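*Asks:* Once you've had a glance at the structure underneath, I'll fire off some questions.
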Amino acid sequence: MTTSISTGAAGAIDLETRYGAHNYDPLPVVLCEGQGVWVSDVEGRRYFDALSAYSALNLGHRHPQLVRAAGEQLERLTLTSRAFHNDQLGPFCLELAEFCGADRVLPMNTGAEAVETAIKLARKWGYERKGVTAERAEIVVCAGNFHGRTTTIVGFSDDPLARSGFGPFGPGFVTVPYGDGDALRAAIGPDTVAFLVEPIQGEAGVIVPPDGYLGAARAICDETETLLVADEIQSGLGRSGRRFASDHEGVQPDLYLLGKALGGGILPLSAVAGRDEVLGVLRPGEHGSTFGGNPLACAVGREVLRLLADGRVIEESAELGARAAARLRSAGHPAVREVRQRGLWLGIELVPGAPSAREASKRLMERGVLAKDTHETTLRLAPPLTVTVEELDWALERLESVLTELV
């Protein structure tokens, strides 16, 4: 017997609750349409999207050029596996390598897969190129990190919610405080192969490191023959006001980890881009993915790179982000302890004793703005980079009305 499917928001939420695993706690809104910075729910209400699917929608919902690229490729070829070549993979690798200033590209699907790929690359490079003793490679990571949710990755997270109940975890990771160059230097030993770092810690609440930190990390890695691996899955492709957050200090990592926005908000696409010396350690059969580098994803990814290539969207979004942060800071809202900002990416830290950031998100939703909390005290804003001044001002007016209510 087929179970009937209820219509409307309540029915959709009920079905998800009854038949889906409870690994998320979303806001009670059921979206069904999107265009640009706007989305609509099944009840016909319209919302400003201030989250952009955690920066996967940097170019907005259903950008016409991305939809066209996907549609044209859908009419031709969607998947070959890597058992055969396809006509989109080579051009995608070339164009992404040039965009990053890298030698080679290894495409995957999700951000977590890119991180896992980098871990394997760094270890193999350490054994084959640096001469680290077999099975002893170490990777330095930062406190407060978020690199994904595989068992390897949560094993070096310090978030109890991410770790609890999922062990045992593998060895090979050393944690240092984020933003502390001296601690990084002290942690690097003869078995260290890489330093894995988010140039801006997004999930931690848009935490921007001290000026000079990334430059110091680059120098330390050079001195110690250690790979600098930049997780730019959220911060890259324009979100921070530059192509990459690493660009704020003129730093070129050995490996870039990319995802989210690379797929244009249409389908998953991630990649590791970097030096030939590192990506060149892989041989056929040692790593792979059935869907990695599929022609549909590559066609969309190529169009994403074209849209970002001249830098106009990135520069304009950076100006809007600085303007928004200045407006929020100058307002002096009693409920706001700090406004952190890089590009069109803001973390609004609420004062102790104020209602939670989750409560603030709910009140924003009631006013037509969709945002998301993190760690109970931080409200994150990351609208599409294509937002206009007028659209952003509309959202900020509603945000300020909510902030005023919180005290």
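*Asks:* Within 16 Å of Arg239 (Cβ to Cβ) and crowded, with 20+ Cβ neighbours inside 10 Å: is that true of Leu320 in this structure?
*Replies:* On the way: within 16 Å of Arg239 (Cβ to Cβ): yes; crowded, with 20+ Cβ neighbours inside 10 Å: yes.
In short, yes.
*Asks:* Would you mind stating whether Arg129 is surrounded by fewer than 18 Cβ atoms within 10 Å (Cβ to Cβ), within 19 Å of Pro190 (Cα to Cα), of a type in the set (Lys, Arg) and without any contact (Cβ under 8 Å) to a residue 60 or more places away in the chain?
*Replies:* No: the conditions fail for Arg129.
*Asks:* Would you please name the residue that is farthest from Val272 (Cα to Cα), looking only at residues in the stretch 110-156 that are out of contact with any helix residue (DSSP H, G or I) (no Cβ under 7 Å at 6 or more places or on another chain) and among the β-branched types (Val, Ile, Thr)?
*Replies:* Thr133
*Asks:* How about the stretch 101-117: which of its residues are surrounded by fewer than 22 Cβ atoms within 10 Å (Cβ to Cβ) and polar (S, T, N, Q)?
*Replies:* Asn109, Thr110, listed by residue number.
*Asks:* Let me ask something else. For the stretch 258-290, name all the residues that are within 14 Å of Val115 (Cα to Cα) and either among the aliphatic types (A, V, I, L, M) or without any contact (Cβ under 8 Å) to a residue 24 or more places away in the chain (or both).
*Replies:* If the condition is that a residue be within 14 Å of Val115 (Cα to Cα) and either among the aliphatic types (A, V, I, L, M) or without any contact (Cβ under 8 Å) to a residue 24 or more places away in the chain (or both), then Leu258, Leu269, Ala271, Val272, Ala273, Leu279 are the ones that fit.
*Asks:* Suppose the filter is modelled with pLDDT of 95 or more, farther than 28 Å from Thr7 by Cα and of a type in the set (A, V, I, L, M, F, W, C); does Val105 pass it?
*Replies:* It is true that Val105 is modelled with pLDDT of 95 or more, farther than 28 Å from Thr7 by Cα and of a type in the set (A, V, I, L, M, F, W, C).
*Asks:* Please go through the stretch 238-285 and pick out each residue that is among the charged types (D, E, K, R) and within 18 Å of the chain's Cα centre (by Cα).
*Replies:* Arg239, Arg242, Arg243, Asp247, Lys260, listed by residue number.
Residue by residue, here is whether (1) of a type in the set (A, V, I, L, M); (2) closer than 26 Å to Glu232 by Cα; (3) modelled with pLDDT under 95 holds:
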| residue | (1), (2), (3) |
| --- | --- |
| Ala21 | yes, no, no |
| Leu31 | yes, no, no |
| Trp38 | no, yes, no |
| Ala50 | yes, yes, no |
| Asn58 | no, yes, no |
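*Asks:* Determine the pairs where a residue that is touching a residue at least 40 places away in the same chain (Cβ under 8 Å) and buried (at least 16 other Cβ atoms within 10 Å of the Cβ), located within the stretch 76-100, has a partner that is assigned to a loop (DSSP other than H, G, I, E, B) and β-branched (Val, Ile, Thr) with Cβ atoms under 7 Å apart, the partner being 6 or more residues away or on another chain.
*Replies:* Every condition considered, the pairs that remain are Asn86/Thr80.
*Asks:* Tell me which of these Val336 doesn't satisfy, since it passes every other one: (1) of a type in the set (Val, Ile, Thr); (2) in the same structural domain as Ala395 (by TED's automatic domain parsing); (3) over 19 Å from Val206 (Cα atoms).
*Replies:* (3)
*Asks:* Right, something else. Tell me, which strands (runs of 3 or more DSSP E) lie completely within the stretch 1-56 with 1 or more residues that are among the aromatic types (Phe, Trp, Tyr)?
*Replies:* By residue number, 38-41, 46-49.
*Asks:* Could you identify the single residue in Arg18, Arg46 that is free of Cβ contacts under 8 Å to residues at least 60 places away in the same chain, surrounded by fewer than 16 Cβ atoms within 10 Å (Cβ to Cβ), of a type in the set (Lys, Arg) and out of contact with any helix residue (DSSP H, G or I) (no Cβ under 8 Å at 6 or more places or on another chain)?
*Replies:* Arg18
*Asks:* Is it true that some residue in the stretch 59-75 is hydrophobic (A, V, I, L, M, F, W, C) and outside any helix (DSSP H, G or I)?
*Replies:* So far as the stretch 59-75 goes, yes, one or more of its residues are hydrophobic (A, V, I, L, M, F, W, C) and outside any helix (DSSP H, G or I).
*Asks:* Restricting to the stretch 197-215, what's the tally of residues that are touching a helix residue (DSSP H, G or I) at 6+ places or on another chain (Cβ under 7 Å) and buried (at least 19 other Cβ atoms within 10 Å of the Cβ)?
*Replies:* Qualifying residue count, the stretch 197-215: 5.
*Asks:* For the stretch 328-380, give me every one of the strands (runs of 3 or more DSSP E) that falls completely inside it and has 2 or more residues that are basic (Lys, Arg). Even if it seems obvious, please write down each step before you answer.
*Replies:* Numbers: elements: 336-341, 346-350, 372-374.
In the stretch 328-380, 336-341 are the strands (runs of 3 or more DSSP E) which contain 2 or more residues that are basic (Lys, Arg).
*Asks:* Report whether or not Leu396 is under 27 Å from Cys100 (Cα atoms) and not assigned by TED's automatic domain parsing to the domain that holds Pro91.
*Replies:* On the way: under 27 Å from Cys100 (Cα atoms): no; not assigned by TED's automatic domain parsing to the domain that holds Pro91: yes.
When the stated conditions are applied, Leu396 does not pass them.
*Asks:* Here's another thing I want to ask about it. Could you check the stretch 207-316 for strands (runs of 3 or more DSSP E) lying wholly inside it with 1 or more residues that are touching a Cys at 6+ places or on another chain (Cβ under 7 Å), assigned by TED's automatic domain parsing to the domain that holds Gly90 and farther than 29 Å from His63 by Cβ? Can you show your working first?
*Replies:* On the way: elements: 227-231, 255-258, 270-274.
Correct list: 227-231.
*Asks:* Name the residues in the stretch 158-189 that are among the polar types (S, T, N, Q) and not in a loop (DSSP other than H, G, I, E, B), would you?
*Replies:* Thr175
*Asks:* Something else: Determine which member of the set Thr192, Thr152 is farther than 22 Å from Gln234 by Cα, of a type in the set (S, T, N, Q) and either surrounded by 15 or more Cβ atoms within 10 Å (Cβ to Cβ) or at pLDDT 95 or above (or both). Steps first, please.
*Replies:* Working: Thr152 fails: farther than 22 Å from Gln234 by Cα.
Exactly one of Thr192, Thr152 is farther than 22 Å from Gln234 by Cα, of a type in the set (S, T, N, Q) and either surrounded by 15 or more Cβ atoms within 10 Å (Cβ to Cβ) or at pLDDT 95 or above (or both), namely Thr192.
The values are calculated or read from the model by the stated rules, or taken from the named source; none is laboratory data. Bear in mind that the values here come from a model prediction, so they are computed numbers and not experimental data. We place every Cβ from the backbone using ideal geometry, glycine too, and count neighbours over all the protein chains shown.
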